[in-house]
Every structure is written in C-alpha cells, then in structure tokens.
Amino acid sequence: MHCSEPEDSTAMKFLVAAIWILDTLHVSFMCHILYYYLITNYGVPTSLEYIVWSFPASGMVNSLVIVLVQFFFARQIYFLCRPRPLMKWRLVLMKKQRQLF
C-alpha cells in the first residue's frame, strides 16, 4: 500500500490512483464473469459457448495495468542508473547470469 508522502510528485500520486482504479475495475469485471457463469447460467452448458463481454474487457484492463507498472519500473531503473553507468552494467550482467542458470 502506498502512503502519501509530501515528497511524492503529482505524477506518482496520479499513477497510484490510476492503478488502484484500474485494479478495482478489473476485480469488478472478474466478479461479473463469475456471477454470469456460476449464478445466472448455472446448469446451462451452452452458455460456455459464448464469452461474456466482461472477459475481454478484464484482459484489456489488466494489460493496461501491466504496461503502466512496467513503464514505472523501467523509468525508476533508468533514473537509478543514469548517473552511474557502472550500475547499469551490473544489472545487465546479473540478468545475463540469471538467464544462464
């Protein structure tokens, strides 16, 4: 959980709020999928032939959350490594070593 700090930028606060809202939307879509298949269409096997509208919407929202978080981490790594190029090479070497084992 992210607690608001006075030194947090407005962009960081917006990112946290956006991810929180998108994650809530994703959970509500998942609840709709479960309700549709397990409650509304209980015992109707033909309902499994059709995809409810919230299933692809859930995937799109989840993909957007993943992209936002990955861009945030990439930005953080860039700012951490920019003043110290040796640190960037250490991270690259650690990643390569991990891929080998």
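Quick note: the coordinates plus some simple rules give every number you see, no bench work behind them. A quick note: this is a predicted structure, and the numbers were derived from the prediction, not measured. Every residue, glycine as well, gets a Cβ built from its backbone with ideal geometry; the counts of neighbours run over all protein chains shown.
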Scan the stretch 37-73 residue by residue and report those that are of a type in the set (G, A, S) and either surrounded by fewer than 10 Cβ atoms within 10 Å (Cβ to Cβ) or more than 24 Å from D23 (Cα to Cα) (or both). G43, S47
May I ask you to list the residues in the stretch 6-36 that are among the hydroxyl-bearing types (S, T, Y), under 18 Å from L64 (Cβ atoms) and surrounded by 12 or more Cβ atoms within 10 Å (Cβ to Cβ)? S28
